[in-house]
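A quick write-up on the structure given underneath.
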Amino acid sequence: MIDIQVTNLSIEFEVGRKILDGLSFQVDQGERVGLLGRNGAGKTTLFKILTGELLPDEGEARTAPGKGVGLISQIPVYPPEYTVEDVLNTAFDHLRAMEREMAELAEKMGEGDKAALSRYDTLTALYERQGGYQTEIDLNKVCNGLDIPLAMRSQLFTELSGGEKTRVNLARLILRETEILLLDEPTNHLDLHATEWLEEYLSHYKGTVLAISHDRWFLDKVVQRCVEIHDGKAELYSGNYSFYVEEKERRYLEKLKQYEKEQAKIEQLQAAAEQMRLWAFKGNDKQYRRAINMERRIERMRTTDRPTKEKKLTMGFGEREFRGDEVLTVKGLSMGFEGRTLFENVDLEVAGGERIALLGDNGTGKSTFVKILLGEVEPTGGKLRFGPTVKIGYLPQLVTFDHPERNLVDTLLWDLNCTPQEARDRLAAFNFRGEDVFKEVRDLSGGERSRLKLCELMAQKINLLILDEPTNHLDVDSRDWIEAAVDEYEGNLLFVSHDRYFINQFAGRVWMLENREITDFKGTYQEFLDFRERQKVYAKSGTPLPAKEEPKKDKPKRPGGTKELEKQVLAAERAVAKAEEKQYELSQRAQEVADNYLELQKVFEEQHALEEEIAHLYTVWETLAAELEEMRA
């Protein structure tokens, strides 16, 4: 059975610019599908059409009749006196209606109404089947999973932040057991704990899910297939996000191969047509007609456009040389306010080259910890010290500019003291092109402001980069090129993020802020997750985690990181190649002096010494290559 049907859907908001242009796909009952596409591709527009908020110019988008549809991005308006508890209980309105009818039927049964008895029995069975007797249990379970504590449940709904309202609305829809869920960035306002709970819930959800998300880890965990909106049309992929990435690249290469083959054939025919025209110029009308026919054939062959890719970031961080091993020392650091302690007695040491993820639930103090490092907030206790050559670069979660009335070019001219051409080149590297560079900063979206700030940040020479939710508000393509820039960066990295794909890619050390302390785990994010799972197993058994299962210590990092090691491997390869060239020259020399015993003996001695040198060079190269492979693993 089809739950969502989209057929030849088209809509445009500006004349000549269609957002959706013949979009067609379907989602069957019980499927979990990811809806992908760049910001502005039309994903949210499709959701608004599905819910009736917008009407398309052509085609239709509909859901299965009689099935309840829940949209996360839309938060209903409730009476101003409604608490969070009242909003959550609206999920049980149908059960409350049953309870009222059952009470009325009970009165009629007391008067001997047999029809009322039959209806009461039917209604009681339906009430039990729909969970009427365990609403309180379900309510507590969902609230615990989505981090909606009792204190919040007693608050007025109107007093909540946008993120908190989104979380409550998500809980309401889950409790209502909506049959079709439309999720528009459902993890944006959830911490890691709540996101993991939602993933577990959706993996067992019996209904149909269509999810817009830039959270690649979430997509991998939840969706079974992907629909990408590209140029207003649907491209279908029969797998999760990782499958989509591989299959998209395969299709690109296949189309590029087809295009290049077609172009080679066209060039061949064009050359032949030109030759025929040359012969026709000498009076051969038959060759002229053949040339015309061949040129028509060439035009018919031009069916494949050159495939394109999202342009990758072509600019890296201007890194400052780091001297010494000490980057940051934290001793007995404590912080609290208004009678609440965020963390206390924190001791940490950071050496050169480390990449650290600062994790924790919302409200545990991650952003406050970062502000202490930046000198924006004074701790209530303890101290910290940076190395003498440390230069910090910081990308905040909410990006602001001192002069939002300036356009992008003027902003770079003032902030970076560069030439207009340098400003244009730098903006182009960050996908700000054409008339976009003359937009005023205040007119940019949140993601565009983050991009502009990163554009400025990369011009500075830094060796400690601090990022606060760097991938928020960015589409998948934008996240890819930011990650490419971070991957090239060889200095120290400290970042706060809920993007587990980003965390898993870059974290070589994890600081988990919880229970007013920081757990310092030296290992990757996946190793940290494995460690936490083992902790749970041992906690259930009542035995302590064995010493051998404790967080492993990092090996000392090679100065300069992967990039420097790659240079050393290439240098070793060149040394081997140069020695082998000399070996070949000696073998040629040996043939030339074969009749001169004394000269030949000298050549043999040089060859013997060179063979030992080559063996040593190979050993060096193999050692460096193995170390590089281990660092990349």
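The values are calculated or read from the model by the stated rules, or taken from the named source; none is laboratory data. Only a predicted model underlies this, so the values are computations on that prediction, with no experimental measurement involved. Glycine also receives a Cβ, built like all others from the backbone with ideal geometry; neighbour counts cover every protein chain displayed. Accessible surface areas use protein heavy atoms only, side chains included; no ligands, DNA or RNA. Shrake-Rupley method; radii C 1.70, N 1.55, O 1.52, S 1.80 Å.
A few remarks follow.
- Estimated inter-spin distance, residue 445 and residue 625, nm [label 7 Å along Cα→Cβ]: 4.6 nm
- Calculated from backbone phi, Karplus (6.51, -1.76, 1.60) coupling profile of segment 425-439 in Hz, x at Gly/Pro: 4, 5, 5, 5, 5, 10, 6, 9, 10, x, 5, 4, 6, 9, 5
- The chain: relative contact order in percent, alpha carbon pairs under 8 Å with at least 6 residues between: 12 percent
- Here the Karplus curve 6.51 cos²θ - 1.76 cosθ + 1.60, taken at θ = phi - 60°, turns the phi angles of segment 578-588 into couplings of 5, 5, 5, 5, 5, 4, 5, 4, 5, 5, 5 Hz, with x standing for Gly and Pro.
- Counting charges near residue 578 (Lys, Arg +1; Asp, Glu -1) among other residues having Cβ under 12 Å from its Cβ returns a value of -3.
- Ellipticity estimate at 222 nm from DSSP helix runs (n ≥ 4, -39,500 (n - 2.57)) divided over the chain, nearest 500: -15500 deg cm²/dmol
- Remark: the chain carries a charge dipole of roughly 1340 debye about the Cα centre, counting +1 on each Lys and Arg Cβ and -1 on each Asp and Glu Cβ.
- Amide H within-cut-off set for residue 234, under 5 Å, with H built and near neighbours excluded: 24
- Spin-label pair residue 269/residue 484, simplified geometry with 7 Å Cα→Cβ offset, distance in nm: 3.4 nm
- Efficiency of FRET from Cβ geometry, residue 134 and residue 78, R₀ 25 Å, rounded to 0.05: 0.55
- Heavy-atom surface analysis with a 1.4 Å probe gives segment 395-440 a carbon and sulfur content of 48 percent of its accessible area.
- Rg/Rh ratio calculated on Cα atoms of the chain (Kirkwood radius): 1.08
- Heavy-atom accessible surface of the chain, averaged per residue, reaches 55 Å², computed with a 1.4 Å probe.
- A convex hull fitted around the alpha carbon atoms of segment 86-152 yields 83 Å³ per residue.
- Expressed as a whole percent, the accessible surface of segment 20-123 that belongs to carbon and sulfur atoms is 48, based on a 1.4 Å probe.
- Shape category assigned to segment 37-76 from the gyration tensor of Cα positions, a/c cut at 1.5: oblate
- Length-normalised contact order for segment 1-149 - Cα pairs under 8 Å, 6+ apart - percent: 18 percent
- Separation in nanometres of the label points that stand 7 Å from Cα toward Cβ, at residue 435 and residue 577: 5.0 nm
- For residue 119, the shell of other residues with beta-carbons less than 13 Å away shows a net charge of -3, using +1 for Lys and Arg and -1 for Asp and Glu.
- Across every direction, the projection of the convex hull enclosing the Cα atoms of segment 24-100 has a mean area of 8.0 nm².
- Each Cα pair under 8 Å and six or more residues apart adds its separation to the average, and for segment 345-482 the resulting relative contact order is 31 percent.
- Restricting attention to the chain, close to 55% of DSSP beta bridges with both partner residues there are antiparallel.
- Calculated P(r) of segment 184-245 - Cα pairs past 20 Å, %: 26 percent
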